[in-house]
Structure formats: structure tokens, C-alpha cells
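The values are calculated or read from the model by the stated rules, or taken from the named source; none is laboratory data. Note that the structure is a prediction, hence the values are computed from the model and not measured. Because the Cβ atoms are built from the backbone with ideal geometry, glycine has one as well, and the counts that use them run over all protein chains shown.
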Amino acid sequence: MDRRVHPIEAESFAILRSRVDLSAMPPLSRAVAERIIHSSADLDYATDLVIDDTAVKEAAERLKDGAPVVTDVGMVAAGITARDCVCHITDPRAERLARTTGITRSAAAVRSAYSEVGPGAVWVVGCAPTALTEIIARQVEPALVVGLPVGFVGAAESKAELRASGLPQVSNVSEKGGSAVAAAALNALLYGPVPE
């Protein structure tokens with residue numbers, strides 16, 4: 001997707017590139033890393049991210065072909081500016097499912113969304129480790145999983161589980177993450193690299 005880069009954004013990326021050199025990365029992986037760093041102003045992501053280079057390239061193509069995007073929470077969906085997203089976190093059916101099965105609402109929302117989108121979607125998790133765990137357990141056959149939940153309970157562990165799963169993915173090793181960085185990763189696939 002072509003988009004005009006605002007001069008402030010261009011300057012911000014120039015500063016980012018002066019502070020960390022990601023030029024050895026493949027173009028789309030670099031775009032993902034740069035957008036995550038740009039959205040968080042956290043240069044440590046340069047060494048914390050784990051990006052499946054082949055998967056992000058294939059996912060970008062699938063997104064061009066209309067693959068659905070599913071998010072764990074509304075804040076992630078709100079940050080994805082060029083695409084409508086499926087997000088069932090506020091769906092009353094997900095709330096009922098969570099209550100009757102004893103799982104979290106985020107996990108229930110994953111189950112509900114999968115029944116709508118089926119295989120081949122891009123899943124973007126920025127908040128709930130339980131959503132990421134459910135994606136792995138449900139065997140959703142994703143085009144890509146952006147697994148960047150944040151927190152001290154289960155976040156790093158769910159991302160380690162994602163990396164061990166072999167699913168096509170973007171994740172990070174530490175407990176940090178969040179809605180803004182998860183949305184940034186997906187936006188990188190929709191927009192591509194910011195020109196030098």
C-alpha cells in the first residue's frame with residue numbers, strides 16, 4: 001500500500017536509523033523492526049525481536065490478497081490504520097463462552113473469531129497472553145501470528161510457546177510488548193518500508 005510519509009515521520013525514522021543499524025535485515029523484517037522501535041522509542045527491540053523473515057514476506061502478500069486480520073483487543077485494531085479488523089473481545093458470545101468454560105474473555109474471543117475467519121488469517125496479539133496461547137492451542141493455521149503481548153504474567157512464556165510452535169510469526173523474548181507495537185508490526189506489512 002502506498003502512503004505519503006509525513007516530514008515528521010521521515011525525520012523520526014532518520015533519527016532512529018542514526019541510532020541503530022538494521023540494514024542487514026531483509027526489507028520487510030527491517031520495516032517491522034523499525035516500525036516497532038518507532039512506535040515505542042525503545043531501541044532494545046533491535047535485539048529483542050524474533051522475526052520469521054519468510055513468514056512476514058508471505059503474510060504481506062496474503063494481506064494484499066485480502067487475508068483477514070484478527071486482533072486480541074480493540075486497542076490493537078484501532079492502531080491498524082489501513083485495514084478493518086476482526087476483534088471479538090466485546091462480543092457478548094465471547095463473554096458467555098468465557099463464563100461457561102472458565103477461560104479468559106481473550107481466549108474466548110479467539111475461539112469466536114476463528115469460527116468467523118477460519119484458516120489463513122493474520123492474528124495480532126498485543127495485550128493478552130491467553131489469546132496467544134489459545135491461537136497456538138486452536139491450531140488456527142495462520143498466515144502469520146504477531147505475538148507481542150505485554151505483562152509480567154504469562155507474556156514472555158506465551159511468546160516462548162509461540163516460538164516453539166513453529167507457526168509463522170513475529171515475537172519478542174522479553175515481557176515487553178503491547179497494543180502499539182503489535183499494531184506497528186502489522187502496519188509495516190501493510191505499508192512496507194519507510195524510504196530512506
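Exactly one residue among A82, A59, A14, A41 is of a type in the set (A, V, I, L, M, F, W, C) and closer than 28 Å to S165 by Cα, and that residue is A59. Restricting attention to segment 147-176, the residues being of a type in the set (G, A, S), touching a helix residue (DSSP H, G or I) at 6+ places or on another chain (Cβ under 6 Å) and either over 21 Å from R30 (Cβ atoms) or crowded, with 24+ Cβ neighbours inside 10 Å (or both) number 6. Take A131 and tell me if it is modelled with pLDDT of 95 or more and in contact with a helix residue (DSSP H, G or I) (Cβ under 8 Å, 6 or more places away or on another chain). It is true that A131 is modelled with pLDDT of 95 or more and in contact with a helix residue (DSSP H, G or I) (Cβ under 8 Å, 6 or more places away or on another chain). Any residue in segment 162-171 that is hydroxyl-bearing (S, T, Y) and touching a strand residue (DSSP E or B) at 6+ places or on another chain (Cβ under 7 Å)? Yes, there is a match, as at least one residue in segment 162-171 is hydroxyl-bearing (S, T, Y) and touching a strand residue (DSSP E or B) at 6+ places or on another chain (Cβ under 7 Å).
Tallying residues that are of a type outside the set (D, E), part of a helix (DSSP H, G or I) and over 17 Å from V122 (Cβ atoms) within segment 31-52 yields 8.
Reported count of residues in segment 109-146, each being assigned to a helix (DSSP H, G or I), surrounded by 24 or more Cβ atoms within 10 Å (Cβ to Cβ) and either free of Cβ contacts under 8 Å to residues at least 24 places away in the same chain or touching a Phe, Trp or Tyr at 6+ places or on another chain (Cβ under 7 Å) (or both), is 1.
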